[in-house]
1. Just a yes or no: is a residue in segment 168-178 closer than 25 Å to Pro252 by Cα and either more than 16 Å from the ligand (Cβ to nearest atom) or in a helix (DSSP H, G or I) (or both)?
2. Can you name the number of the only condition in (1) part of a helix (DSSP H, G or I); (2) open to solvent by less than 60 Å² (accessible area, probe 1.4 Å) that Glu311 fails?
3. Condition check: more than 16 Å from the ligand (Cβ to nearest atom), surrounded by fewer than 23 Cβ atoms within 10 Å (Cβ to Cβ) and in a helix (DSSP H, G or I). Does Ile100 satisfy that?
4. For a quick check of your reading of the model, give me the residue pairs whose first member lies in segment 271-283 and is open to solvent by less than 30 Å² (accessible area, probe 1.4 Å) and within 15 Å of the ligand (Cβ to nearest atom), whose second is modelled with pLDDT under 95 and polar (S, T, N, Q), with beta-carbon atoms closer than 6 Å and at least 6 apart or on different chains.
5. Among the listed residues Thr132, Thr95, Thr119, Thr78, identify the single one that is crowded, with 19+ Cβ neighbours inside 10 Å, of a type in the set (Ser, Thr, Tyr) and out of contact with any His (no Cβ under 6 Å at 6 or more places or on another chain).
6. Test of understanding: among Ser260, Ser253, which residue is assigned by TED's automatic domain parsing to the domain that holds Phe207 and open to solvent by 10 Å² or more (accessible area, probe 1.4 Å)?
7. Based on what the data block shows, is Ile297 in contact with a strand residue (DSSP E or B) (Cβ under 8 Å, 6 or more places away or on another chain), within 30 Å of Ile28 (Cβ to Cβ) and either open to solvent by 30 Å² or more (accessible area, probe 1.4 Å) or of a type in the set (A, V, I, L, M, F, W, C) (or both)?
8. From the list Asp117, Asp186, Asp122, Asp206, exactly one residue is on the phi > 0 side of the Ramachandran plot and among the charged types (D, E, K, R). Which is it?
Amino acid sequence: MKLVKTLMAVGLGAAIAAVSVAQAADKITIGFSQIGAESEWRTANTNDVKAAAEAHNIDLKFSDAQQKQENQIKAIRTFIAQKVDLIGFVPIVATGWDNILREAKRAKIPVLIMDRDLTVSDDSLYVAKIGTDSYTEGKKVFAWLDNYIQTNNIKPRNGGDKINIVILEGTVGSSAATGRAHGFDDALKASPNKDKYNILASQTGDFTRQKGQEVMESFLKSNRDDIDVLFAHNDDMALGAIQAIEAAGLKPSKDIVIVSVDGVKGIFQAMVDGKANATVECNPLQGDLFFTTAEKILKGEKVPKSVFVEEGVYQADEAAKVFPTRKY
Ligand code: AHR
């Protein structure tokens, strides 16, 4: 009896194993290389990718590049060797991808880009990009700022004739940094108020809170009483800068107007606390669109080369009302 039970158990176990092998064989396998965890936004993006992979029943091979392009290239090479069905990645910087993408193309593995843009010699090296429109975000930052300064009749703190702006830039060479910088510059140059502004200093803070704080400290050391506006390419750097501004004895959002990009909970809290003025949303919840697009590609359907996610603009006076609805 004991032997029969054991044999039945073995038989059942084998059957279950066979079913899960069959299910696994049906599953799409996607290799995904993420940049790292430099910001609150990035953590939300990673969590969303993982949750969306589960919802889409995808076998996800996730790799964290710890802020290094070489690690992303290694991960993509591993995905090619593993013969995944599709490769997805967030390009930490825009250039330097041609060779590895040629390897993926030779292996006939489609590539789908998320969030940041890349520049390659041949556009057929990737199928499509979904995600962030950094250039438009930069334009929205200036539009909000110009309207805020003019509507509130804000004057230069040093009694001069120009509003002095300092900028904390994102990672050097990333499309998120160059797009936001170009969008902001183009909107500034096109504005009838362009002569009322001066870019006093602009330096990278690498999208991190720590570097945002350090660079803001150095801006304040040389120009404490001249800075009227901080534009940070992301909320994390703005949050670091707020600490530096307070440590310098100034009031963030009052002495220095603060506008940044992302819309994470941290900046909403700062706006509720009266320490930041506005955030231009950059939506990290891109997982569902990514896997829906990947499934279409693998079914042979045509997809648009570029699709952007929906993004809004939020300012301090509406922060308390909007905060409870924020998902990241
Ligand atoms: O590429 C999107 C940017 O990268 C986000 O603005 C930033 O927070 C992140 O690190």
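1. We begin by selecting, within segment 168-178, every residue closer than 25 Å to Pro252 by Cα; these are 168-171, 176-177.
With either more than 16 Å from the ligand (Cβ to nearest atom) or in a helix (DSSP H, G or I) (or both) added as a condition, the list becomes 176-177.
Looking for residues that are closer than 25 Å to Pro252 by Cα and either more than 16 Å from the ligand (Cβ to nearest atom) or in a helix (DSSP H, G or I) (or both), one finds at least one in segment 168-178, hence yes.
2. Only one criterion is unmet by Glu311, namely (1).
3. Values: more than 16 Å from the ligand (Cβ to nearest atom): yes; surrounded by fewer than 23 Cβ atoms within 10 Å (Cβ to Cβ): yes; in a helix (DSSP H, G or I): yes.
Yes: the conditions hold for Ile100.
4. Qualifying pairs under 6 Å: Cys282/Thr132.
5. Numbers: Thr95 fails: crowded, with 19+ Cβ neighbours inside 10 Å; Thr119 fails: crowded, with 19+ Cβ neighbours inside 10 Å; Thr78 fails: crowded, with 19+ Cβ neighbours inside 10 Å.
Matching residue, one of Thr132, Thr95, Thr119, Thr78: Thr132.
6. Ser253
7. Details: in contact with a strand residue (DSSP E or B) (Cβ under 8 Å, 6 or more places away or on another chain): yes; within 30 Å of Ile28 (Cβ to Cβ): yes; either open to solvent by 30 Å² or more (accessible area, probe 1.4 Å) or of a type in the set (A, V, I, L, M, F, W, C) (or both): yes.
It is true that Ile297 is in contact with a strand residue (DSSP E or B) (Cβ under 8 Å, 6 or more places away or on another chain), within 30 Å of Ile28 (Cβ to Cβ) and either open to solvent by 30 Å² or more (accessible area, probe 1.4 Å) or of a type in the set (A, V, I, L, M, F, W, C) (or both).
8. Details: Asp117 fails: on the phi > 0 side of the Ramachandran plot; Asp186 fails: on the phi > 0 side of the Ramachandran plot; Asp122 fails: on the phi > 0 side of the Ramachandran plot.
That would be Asp206, the only listed residue that is on the phi > 0 side of the Ramachandran plot and among the charged types (D, E, K, R).
The values are calculated or read from the model by the stated rules, or taken from the named source; none is laboratory data. Bear in mind that the values here come from a model prediction, so they are computed numbers and not experimental data. Ideal geometry is used to build each Cβ from the backbone, glycine not excepted, and the neighbour counts take in all protein chains shown. These accessible areas exclude ligands, DNA and RNA; they are computed on the full protein's heavy atoms, side chains included. Shrake-Rupley method; radii C 1.70, N 1.55, O 1.52, S 1.80 Å.
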